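Novice: This is the structure, below, for whatever I ask next.
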Amino acid sequence: MRRIEEVIVDIAAAKAVLAQQTIEVPSWAYGNSGTRFKVFGTPGTPRDPWEKIADAAQVNAVTGAAPRVSLHIPWDKVEDYDALSAYAHEQGMTIGAINSNVFQDDEYRLGSLANPDARVRAKAVAHHLDCLEVMRAVGSTDLKIWLADGTNYAGQDSIRARQDRVAEGLEQIYAGLQAGERILLEYKFFEPFFYTTDIPDWGTSLVHCMALGEQATVVLDTGHHAPGTNIEFIVAQLLRLGRLGAFDFNSRYYADDDLIVGSADPFQLFRIMHEIVQAGALDPALGVNFMLDQCHNIEAKIPAQIRSVMNVQEATAKALLVDADALGAAQQAGDVLGAHAVLMDAFNTDVRPILAEVREAKGLDADPIKAFAATGYAEKVAAERVGGTQASWGA
Ligand code: RM4
Ligand code: MN
């Protein structure tokens, strides 16, 4: 492993970028989750959106890098969104992307926007328009759409007609946008349906976004690709087209495993961040929202989110240490191994000391996991949050 002292690029510049980097956390990561086989309960699990926000604020308090929390509607439905947003502010947080949910109602058995029944389609559109109202009430500008629509059997429905219905529904939602607001359209190659998925890949998402207009951008969820997919290629292409709106970070081994980002393949995360850095897309002006979309089935949730933020920071730091001049020169000279070596040198650098310095400069502990443990928060909420129903993925 290369020591930080051996790095020749401008470390102070890298630290300045790292100090400003932010990662959005998902409210649902703090609730219980599991598989279709078992959802485990944990002492101290939040019972409502307020408690989820309180937990999310802990991640920000020790990392200084997670000041936004995404909500999922209706999982995070409340009577008074002004009050929820004010509560988030008191906790040092703002509310980020609003995620719609058109996959849990019985009426969506055959799909939402792609459903053959016009009445169900209208209901799905109306839900998204309601989400836009929530978005405005909490001071957010991003509506994130993931459609679970698809079919299980060949011939079950017309592939083409379903695309037309999706396009029409998205158009109606898009028409509800005001200036400065965005639709973030996510794709996923399979699940919950197995034969066709109506938005299975970045190409399909992009085609719909391009038809809609400039306020529609693609969300890349790292878990939503077939094994072996070159995700950084997709990142580069979407950035090139100005259509990468957001990431849903997580890790996968098999399907949509929703594990801690950077845990399965830190090298892949580094390669993704390298494309981001090269495109200058860490600059918030380019509009890429870096978000986590994860579930914590067996591990402690708040520390898992802290670890996730740290993993993104470490991959980013390594990407910032790529010697761009040396890389460009080697690429131009056709020096295959030389170019590869420049990248690997950056990847093989221990960046933990510079991240520790970035945290200390903000008055934070160098070790966020240790700092959280020292607060006693986990023990406190385990004692306080007794009774009620623990939030869980899907409820
Ligand atoms: C989906 C997708 C969405 C997330 C839901 C919970 O697979 O990743 O982003 O909101 O799961
Ligand atoms: Mn996602």
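Novice: Would you mind checking which residues have amide H under 5 Å from ALA279's amide H? H placed 1.01 Å from N; only 5 or more apart, or other chain.
Specialist: Answer set, sorted by chain and number: none.
Novice: Rounded, prolate or oblate: which one fits the range 95-251, using the alpha carbon gyration tensor with axes a ≥ b ≥ c (rounded when a/c is under 1.5, else prolate when a/b beats b/c, else oblate)?
Specialist: The shape class here is oblate.
Novice: Determine, for each peptide in 219-225, 329-335, 344-350, the mean count of other beta carbons within 10 angstrom over its residues, then list the peptides with the highest first.
Specialist: 219-225, 344-350, 329-335
Novice: Leaving out ligands, DNA and RNA, and with a 1.4 Å probe, what % of the accessible surface on the chain is carbon or sulfur?
Specialist: 55 percent
Novice: Determine the percent antiparallel among the DSSP beta bridges restricted to the range 1-156, to the nearest 5.
Specialist: So the antiparallel bridges amount to about 10 percent of the total.
Novice: In whole Å, how far is the Cα centre of the range 6-28 from that of the range 172-187?
Specialist: 29 Å
Novice: Taking all protein chains together and a probe of 1.4 Å, list PHE40, PHE267 from the most accessible to the least accessible.
Specialist: So the residues, ranked largest to smallest area, are PHE40, PHE267.
Novice: Starting from the 7 Å offset along Cα-to-Cβ, what nm value, one decimal, do you get for the label separation of GLN163 and TYR195?
Specialist: Computed distance between label sites GLN163 and TYR195 equals 1.8 nm.
Novice: Nearest-5 percent of antiparallel DSSP beta bridges in the chain?
Specialist: Antiparallel bridges make up about 15 percent of those DSSP assigns within the chain.
Novice: HN-Hα J couplings of the range 30-38 from phi, Karplus 6.51/-1.76/1.60, θ = phi - 60°, integer Hz, Gly and Pro as x?
Specialist: Coupling constants for the range 30-38: 8, x, 6, 8, x, 10, 6, 8, 6 Hz.
Novice: Between GLU384 and ALA175, what FRET efficiency follows from the Cβ-Cβ distance if R0 is 56 Å, with the result rounded to 0.05?
Specialist: That gives a FRET efficiency of 0.80.
Novice: Give the Rg/Rh ratio for the range 254-320, taking Rg as the radius of gyration of the Cα atoms and Rh as the Kirkwood radius, to two decimals.
Specialist: So for the range 254-320, dividing Rg by the Kirkwood Rh gives 0.99.
Novice: Inverting the mean 1/r over all pairs of different Cα atoms, compute the Kirkwood radius of the range 173-221 and quote it in Å.
Specialist: Hydrodynamic radius (Kirkwood, Cα pairs) of the range 173-221 is 11.4 Å.
Novice: Using Cα centres only, tell me the gap between the range 248-282 and the range 191-215 in whole Å.
Specialist: 21 Å
Novice: Can you compute the modelled spin-label distance between TYR153 and ASN348, with each label point 7 Å from Cα toward Cβ, in nm?
Specialist: A separation of 5.6 nm, rounded to one decimal place.
Novice: If you take the Cα Rg of the chain and divide it by 2.2 N^0.38 Å, with N the number of residues, what do you get?
Specialist: 0.99
Novice: Can you give me the accessible area per residue for the range 166-315, using a 1.4 Å probe, in Å²?
Specialist: Value for the range 166-315: 38 Å² per residue.
Novice: For labels at THR35 and GLU299 in the simple 7 Å Cα→Cβ model, what's the distance in nm?
Specialist: 1.7 nm
Novice: Let me ask you something else. Under 10 °C and 1.306 mPa s, how fast does the range 1-42 diffuse according to Stokes-Einstein, given a Kirkwood radius computed over C-alpha pairs? Answer in µm²/s, whole number.
Specialist: In µm²/s, the coefficient is 109.
Novice: According to the square roots a ≥ b ≥ c of the eigenvalues of the Cα gyration tensor, what is the shape class of the range 1-104, taking rounded for a/c under 1.5, prolate for a/b larger than b/c otherwise, and oblate for the remainder?
Specialist: prolate
Novice: Separate question: Ranked from highest to lowest mean number of other Cβ atoms within 10 Å per residue, what is the order of the peptides 383-393, 351-361, 299-309?
Specialist: Highest to lowest by the protection proxy: 299-309, 351-361, 383-393.
Novice: Where in the chain are the DSSP H helices whose alpha-carbon span along the long axis reaches 24 Å or more and whose Kyte-Doolittle mean is at least -1.0?
Specialist: 118-137, 301-320
Novice: Turning to a different aspect of this structure: Probe 1.4 Å, all protein chains in place: accessible area of VAL277 in Å², nearest 10?
Specialist: Surface accessible to solvent at VAL277 totals approximately 40 Å².
Novice: Right, another one. Find how many whole Å separate the alpha carbon centroid of the range 308-359 from the alpha carbon centroid of the range 76-128.
Specialist: The range 76-128 and the range 308-359 have Cα centres spaced 39 Å from each other.
Novice: Hey, another quick one. Pulled fully out, how much extra length does the chain show between ASP10 and LYS362, if you take 0.36 nm times their separation in residues and subtract their Cα-Cα distance?
Specialist: In short, 124.7 nm is gained.
Novice: What does the C-alpha gyration tensor say about the overall shape of the range 197-345? Classify as rounded when a/c is under 1.5, otherwise prolate if a/b is larger than b/c, or oblate.
Specialist: Oblate.
Novice: Let me ask another. At R0 = 45 Å, how high is the FRET efficiency between ASP82 and GLN332 if r is their beta carbon distance? Nearest 0.05 is fine.
Specialist: 0.20
The values are calculated or read from the model by the stated rules, or taken from the named source; none is laboratory data. Predicted model, so just to flag it, every value in this text is computed and none were measured. Counting neighbours? That spans all protein chains shown, and the Cβs are built from the backbone with ideal geometry, glycine included. Side chains are part of the model used for accessible areas, which takes the heavy atoms of the whole protein and leaves out ligands, DNA and RNA. Shrake-Rupley method; radii C 1.70, N 1.55, O 1.52, S 1.80 Å.
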